[in-house]
């Protein structure tokens, strides 16, 4: 009888312990935000051609929202990225909370991605980012104009293909590039 009570208590304690562990699981995956981006990793991809699917995909996965990519289309020298919810590690509410600020899409992530694609994929002519019904399209010319206006040392022509030049530019201006993305209305619209 005492053995049955001890065995029952052990089982009950084990169930409470396991329930407690399950009730507070560690989040399996977070969505990369601007603050989480590894710029050093991105710099290694400088000089990528838009036709190099695997390298462009690797860049996009390092950028904000990379975990929510549903589709990438690189046809016509354009980078077209569709973001959204797909069954997997992230919940639909996590994806929606990340991309939407209330009812509007948070466009700063799109502009941050466009800035880095402008620097890292020099032959892309346009960037299109879509999540649900919201879309941001911006041409490379518009991005280069905004960046050139802000930075006299913006790498152009052959320099944009040089890894050392682009890496040095990113390293020197990383904070300002982030500010430009968060205040995109001032710089690009």
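With the simple model of a label 7 Å out from the Cα in the direction of the Cβ, residue 38 to residue 145 spans 3.6 nm. The mean sequence separation of alpha-carbon pairs under 8 Å and at least six residues apart, normalised by the residue count of the range 34-188, gives a relative contact order of 26 percent. The residue 153 and residue 52 beta-carbon pair, evaluated with R₀ = 30 Å, returns a calculated FRET efficiency of approximately 0.70. Computed over the alpha carbons of the range 118-189, Rg followed by Dmax gives 12.7, 39 Å. Over all Cα atoms in the range 34-188, the spread is summed up by Rg and Dmax: 14.8, 45 Å.
Read-outs: derived from the displayed coordinates by stated rules, not from any lab. The structure displayed is predicted, hence computed values, not measured ones. Here Cβ is always computed from backbone atoms with ideal geometry, including for glycine, and neighbour counts include all displayed protein chains.
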